[in-house]
Structures are given as structure tokens and as C-alpha cells.
Amino acid sequence: MSTSTRGPSDHSIRDQIVEAAMEYFSHYGFEKTTVSDLARSIGFSKAYIYKFFSSKQEIGEVICTNCLTDIAGRLEAALAASSSATEKIRNLFQVIALGGTELFFRERRLYDIAAVSSRDRWSAAVEYEAGLRETVVNILQEGRSAGEFEQTSPLDETAAAVYLVLRPLADPIQLQIYLDTAEADASLLATMVLRSLKS
């Protein structure tokens, strides 16, 4: 059954399964949980869950997308409130670092799903990364148009380099190494990037 043909009650059941899965994964972890475990905890049969999700990964994808969408929404709001491309670079690094560390400390098991998503290149992680890359390009274009950033280096190479600097803060697997210093690291990295971008 395709998602487009599902009625409101089917979406409600999908939401119920996702909510129960978040609770279960929060306690026992994503990788240690089976669909059978999840079905027992909800009171559904395993076959019934498979009516709505093709695999445990698909459930994890929805949860991961929700977590990453929350961070992306906070980033969008911070960038919209920024008065310059320079401020946007600073906010980009800070929001990404804070979003990841807050998720880690608030919902460690859900953070682990994001780490699995990144490691195994789930579509949720790939799309999130693509969105960040596009954001970097947009900020650089804005900064160049405003005369804030230099315009001689190839845009694609510059954007790729800026993303490589941002990546340890954006990738859940790498961020775990820097959790205690992520906020300060974000500030230092943003300052270094801005120094290299100045016209």
C-alpha cells in the first residue's frame, strides 16, 4: 500500500508506531531492538507493523528525519534573523553544534539513530547533508554579492572547503568526539572560516 493511498487512520497508526518506537529506542537503543521487540511493546503483531513500515530502518528514518528537521528549522530561523552573511556563517556553526549536542544529551538513544543514519548513509542523513551544503553555497553567494567575502576563488571549491570545516559538528559520529568543546570549537572554526573568506 503506497503512502498516498493511506487514509487519516493509517497515518495515525503510523504516528503511533513511530511514537512508540521513539520511546522504545530511547530505552533500549536502535540497533539492539528488533521489529518483534517493538511489536510486543506496542501490542501489535509484527505483521501489522510491516503493513506500515517495510523495515526497522524505515521507522528509524522517520525518527531521524524528525530530529534533523528540528535542527534544520532552528538553523533556518537563525539565518533569517541574521543581518549579514558574516553573521550567518557564525550562526550556521553555532546552531549546528548546539543542535547536535543538545540532542545527544537530551535523547542519547535517538542521537544514536542519527549516528547510524550517518554511518549507513540513510536518505535522511544524505538529504540533511545536501541541505547544509546548499545553505553554505547560498551564504557564500550572499556574502560575495554584498562585498563581505572574496570573489576570486571558485565558489564550488570554497563551499566544499567550508562544509569540510563544518562537517565534524554536523556529523553525529564525529561530533561525539567534541561534545565537551563543541560550542567553543564552533566559534573558533567560524572565525577561521570568516578570516579566509574576507575580501
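Given the Cα atoms of the range 73-140, and with Rh set as the inverse mean 1/r over their pairs in the Kirkwood sense, what is Rg to Rh to two decimals?
When Rh is taken as the Kirkwood radius, the ratio is 1.01.
Using only helices, what value at 222 nm comes out for the chain when you add -39,500 (n - 2.57) per DSSP H run of length 4 or more and divide by the total residues, to the nearest 500 deg cm²/dmol?
-25500 deg cm²/dmol
On the principal axes of its Cα set, how long, how wide and how thick is the range 45-159? Give whole Å, largest value first.
Rounded to whole Å, the extents work out to 61, 28, 20 Å.
Using only the alpha-carbon atoms, what does the range 137-199 span along each of its principal axes? Please give whole angstrom values in decreasing order.
36, 19, 15
With every protein chain kept in place and ligands, DNA and RNA left out, what is the accessible area per residue of the range 47-199? Probe 1.4 Å, answer in Å².
With the other protein chains kept in place, the range 47-199 gives 48 Å² per residue.
Provide Rg and Dmax in Å for the range 1-103, with only Cα atoms included in the calculation.
Both quantities, over Cα of the range 1-103: 17.7, 54 Å.
Number of Lys pairs in the chain with C-alpha atoms less than 26 angstrom apart, excluding same-chain neighbours closer than eight positions?
5
I'd like the accessible area for ASP37: 1.4 Å probe, protein heavy atoms, all chains in place, Å² to the nearest 10.
Surface open to solvent at ASP37 totals about 30 Å².
With the cut-off at 1.5 for a/c, could you classify the range 59-109 from its C-alpha gyration tensor as rounded, prolate or oblate?
prolate
Rounded to the nearest angstrom and ordered from largest down, what semi-axes does the equivalent ellipsoid of the chain get from its C-alpha gyration tensor (root of 5λ)?
38, 18, 13
The values are calculated or read from the model by the stated rules, or taken from the named source; none is laboratory data. A quick note: this is a predicted structure, and the numbers were derived from the prediction, not measured. Heads up: the accessible areas ignore ligands, DNA and RNA and are worked out on the full protein's heavy atoms, side chains in. Shrake-Rupley method; radii C 1.70, N 1.55, O 1.52, S 1.80 Å.
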